[in-house]
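Encoded as structure tokens, the structure appears first; notes follow it.
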Amino acid sequence: MSGLFISFEGIDGAGKSTHIEGLAEAFRAQGRRVTLTREPGGTPLAEKLRTLVLNDAMDPMTEALLVFAARRDHLQQLIEPALARGDVVLCDRFTDATFAYQGGGRGFDLDMLGWLERQVQALPGTNTLRQPELTIWFDLDPAIAAQRLAGARVPDKFEAQPLEFFRRVAAGYGARLAQAPQRFARIDAARSREAVWLDVLAAVRQKNWLS
Ligand code: TYD
């Protein structure tokens, strides 16, 4: 069985976590082995970089370089071996988050992000890049996301950003979708958890990856 790579995206507070767990269970119930992981993070080194990125003040280029450094280690140590074994890899955020947060939110140079993406995700011996086969984007109005997050927990560096930052992040996701519409399933995350879950399942079933 060949591996599957699915990523999950959205602004903070869009509510992706429970659906990632649910999808992992659905795949396991059909006998698939699942690797559940996240970015930044997923390996011991990348988790250390995550702690820095989420907590320490740094300039936008440093932030972009650290998320791509974490991604490189994650791909080499965890994602590629899992895909080679035939696992379903479910990844909570991937490179679209870099284009949305560092590109959209911080306003960092998109061409440089594109260059880093090509270096970090190049598949040796081919001229293709490692990308998710499907990206499920939980699209939510930043004002609603802010209400959902309010008082939920101590905010990290990104969660503490103003509404305007998340409007730019959301626009960044929209721009990524426009560049690769066939890769994305955009889900309206303003509805009930059940309605969102049915859309998540439908997006995966449409690919014939789940019956
Ligand atoms: P998140 O995925 O929301 O995890 P949790 O639910 O545990 O808070 O946190 C990751 C944060 O990192 C999120 O605010 C987005 C940010 N991020 C970037 O800025 N760039 C990236 O490339 C990635 C992967 C994440």
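Each value in this text was obtained by applying a stated rule to the coordinates, not by laboratory testing. Nothing here was measured: the structure is a model prediction, and the numbers come from that model. As a convention, Cβ positions derive from the backbone with ideal geometry for all residues, glycine included, and neighbour counts pool all protein chains shown.
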Exercise for review: Using θ = phi - 60° and the Karplus relation 6.51 cos²θ - 1.76 cosθ + 1.60, list the HN-Hα couplings for region 163-179 in order, rounded to whole Hz, with x at every Gly or Pro.
Suggested key: 3, 4, 4, 6, 5, 5, 4, 4, 5, x, 4, x, 5, 5, 4, 4, 7
Review point. Between GLN119 and THR18, what FRET efficiency follows from the Cβ-Cβ distance if R0 is 22 Å, with the result rounded to 0.05?
Key: 0.05
**Study point:** Those lysines that a straight Cα-Cα span of less than 23 Å connects to LYS157, excepting residues fewer than 8 apart in one chain
**Key:** LYS16, LYS48
Check your understanding: Can you list the HN-Hα couplings for region 190-206, worked out from phi with the Karplus curve (6.51, -1.76, 1.60; θ = phi - 60°), rounded to whole Hz and with x for Gly and Pro?
Key -> 7, 8, 5, 4, 5, 5, 5, 4, 4, 5, 4, 4, 4, 4, 7, 5, 4
**Study point:** Check: the chain dipole with +1 on Lys, Arg Cβ and -1 on Asp, Glu Cβ, in debye
**Key:** 500
Practice item. Give the long-range amide H neighbours of GLN131: residues separated by 5 or more places, or on another chain, with amide H under 5 Å away, using H modelled in the peptide plane at 1.01 Å from N. Key: none
Check your understanding: Based on the Cβ-Cβ distance from MET1 to LEU129, what FRET efficiency comes out when R0 is 25 Å, to the nearest 0.05?
Key -> 0.65
Study note, to complete from the structure: Counting only residues 5 or more apart in sequence or on a different chain, those whose built amide H sits under 5 Å from that of ALA185 are THR135, ILE136, TRP137
Review point. Between GLN206 and LYS157, how many nm apart are label points set 7 Å from Cα along the C-beta direction?
Key: 3.5
Exercise for review: Provide THR43, THR98 in ascending order of the number of other Cβ atoms located within 10 Å of each residue's Cβ, fewest first.
Suggested key: THR43, THR98
Point to revise | Two-site label geometry, GLU25 and ALA84: point separation in nm, points 7 Å out along Cα→Cβ | key: 3.3
Practice item. Could you check the simple spin-label distance between ALA171 and LEU65, using points 7 Å along Cα→Cβ, in nm with one decimal? Key: 2.8
Practice item. Provide Rg and Dmax in Å for the chain, with only Cα atoms included in the calculation. Key: 16.4, 49
Point to revise | Assigned charges on the beta-carbon of Lys, Arg, Asp, Glu; region 88-211 dipole about Cα centre (debye) | key: 140
Exercise for review: Mind sorting LYS157, LYS16 by how few other Cβ atoms lie within 10 Å of their own Cβ, fewest first?
Suggested key: LYS157, LYS16
**Study point:** Fewest-first ranking of ASP92, ASP12, using other Cβ atoms within 10 Å as the exposure measure
**Key:** ASP92, ASP12
Practice item. Choose one of PHE158, PHE138, VAL169: the residue whose Cα lies farthest towards the positive end of the charge dipole of region 116-170 (beta-carbon charges +1 Lys, Arg; -1 Asp, Glu; about the Cα centre). Key: PHE158
Check your understanding: At a Förster distance of 25 Å, what's the computed FRET efficiency of ARG191 paired with MET58, Cβ-Cβ distance as r, to 0.05?
Key -> 0.10
**Study point:** Length-normalised contact order of region 4-205 in % [C-alpha pairs under 8 Å, at least 6 apart]
**Key:** 31
Exercise for review: Positive end of the charge dipole of the chain (Lys, Arg +1 and Asp, Glu -1 on Cβ, about the Cα centre): tell me which of TRP115, PRO60, ILE6 has its Cα farthest that way.
Suggested key: ILE6
**Study point:** Placed amide H near GLY42: partners under 5 Å, 5+ positions off or other chain
**Key:** GLU47
Check your understanding: Looking at the chain, what % of its DSSP beta bridges pair antiparallel, to the nearest 5?
Key -> 5
